[in-house]
Every structure is written in C-alpha cells, then in structure tokens.
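Rule-based calculations on the coordinates, nothing more; no lab input. Computed from a prediction, not measured in an experiment: that's the story for all the values here. Note that each Cβ is placed from the backbone with ideal geometry, even for glycine, and that neighbours are counted across all protein chains shown.
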Amino acid sequence: MIFLLRHGETELNVQGRLQGRSQANLTEAGRSFAQDTARVISCEVGDGDCVIFSSPLTRALETTEIIAAALAGLRKRVTDDRIAELDFGKWDGLTDDEIDAGWPGNRDVGAPGEWYFNSPGGEGFDVFRLRLARFLDDLTNDPHEHKIIVSHGLAGRVLRGIHADLSTPDTMSLPVPSQAFFILQTHGGIKEVAVE
C-alpha cells in the first residue's frame, strides 16, 4: 500500500506565502494534523513492514518524525530530494499580491494552476514532473509492504496525476485538501482519506 501525504500546516501557509524551497516549521495545527494522520495510518498498516520517504525540507521532515513515531513496523526512513516541493525561484516566500505587484499578469497566463511554473528562475513543469515520475518508477522496486510518502501540496498533486496518468490540466485541477491524505491504489486508483 502507498500512502501519500502533505506535510502539516506551517507559519508560511498561515501567511499565504509560497513555500517552495523555503524552510518552515510546523504550526501547532500542523503537528496536530501529523499526529492524527499518524494514528490513521498506524491503524491501516498495523505492524506491517513500512518505509517512509520524505522530502528534505524541514516541514516534511518534522511531519515524518511524527508519523515514524507511531509506526510499529517501520523499517527505514529515506530522505529523497526528488519529492521536494517545486522550486519557485524568485517567487519563493512571496504572497500572491507580492507576485502580482512584481510580475503583473504572470499568474494569469495559461490554464488554472499553470502559473506556478512561470516564476523567474523557477522550475518548469516538465522538469518537475520528470523528477517526480522517476521517484515513482523507483518506488515500484521497493520491497516494503507499506510505503509512506511525505511531500508537499504541488508535488503531491503532480505525483497523483502521474499515478493516475492524467493530462496536465487535469493534474493541475486536482484538489489539495489540508485535512486528508491519499492512498495510491493499483491501476491508477486514488483514495482520499479524511483526517479528523
């Protein structure tokens, strides 16, 4: 079974800032979400053989620590740069208003969600998708019974799009719920699991 989750809430989330490669700690609500998620996943996997793959960014690593503490069958933790969030270049750490003031109209170009890839000095969609696809390809060779991926909002959206073989517009319109995680099922299926 493959679990895909976004890190818990951070102060930058609360401020409405693009995080990208910025380092940010979890808020109290973010830690609470990670603990609730850990309980749900722990019930799902029992003492089954588990591995956690985490983005190297602080918010994902903090979430990983909380999840790992709840898993009886955890065999190893792997930090993988390929599941880090999109590099937003000059937009990293900015709000929508700050982006609009500095680069008028850049968020209005293309289909919904495609503006993320318009940042000066940022990562393009094809490069971003390729690194995530390579991660998923390698994941198929991992022998552990349960695989837990702790990543980010946009990276998780694109990972789901790759898994379900969706077009770019369909991928970019996938929701990014703040109180849920996903189970990547066989044959491209995706199940959303609410965390309360």
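Sort out which residues of the stretch 1-16 are in a strand (DSSP E or B) and either small (Gly, Ala, Ser) or touching a Lys or Arg at 6+ places or on another chain (Cβ under 8 Å) (or both), and write them in order of number. Scanning the stretch 1-16 gives 2, 3, 4, 10. The condition of being part of a helix (DSSP H, G or I) and surrounded by 14 or more Cβ atoms within 10 Å (Cβ to Cβ) holds for only one of 161, 110, that being 161. Just one of the listed residues (68, 101) is assigned to a helix (DSSP H, G or I), within 23 Å of residue 179 (Cα to Cα) and without any contact (Cβ under 8 Å) to a residue 60 or more places away in the chain, and it is 68. In the stretch 113-141, the residue that is surrounded by the fewest Cβ atoms within 10 Å (Cβ to Cβ) out of those that are under 18 Å from the mean Cα position of the chain (by Cα) and outside any helix (DSSP H, G or I) is 124. Of the numbered criteria (1) assigned to a strand (DSSP E or B); (2) surrounded by fewer than 16 Cβ atoms within 10 Å (Cβ to Cβ), the one residue 47 fails is (1). Count of the stretch 21-58 residues, restricted to those that are over 24 Å from residue 164 (Cα atoms), in contact (Cβ under 8 Å) with a residue 60 or more places away in the chain and either in contact with a Ser or Thr (Cβ under 7 Å, 6 or more places away or on another chain) or of a type outside the set (Phe, Trp, Tyr) (or both), is 6.
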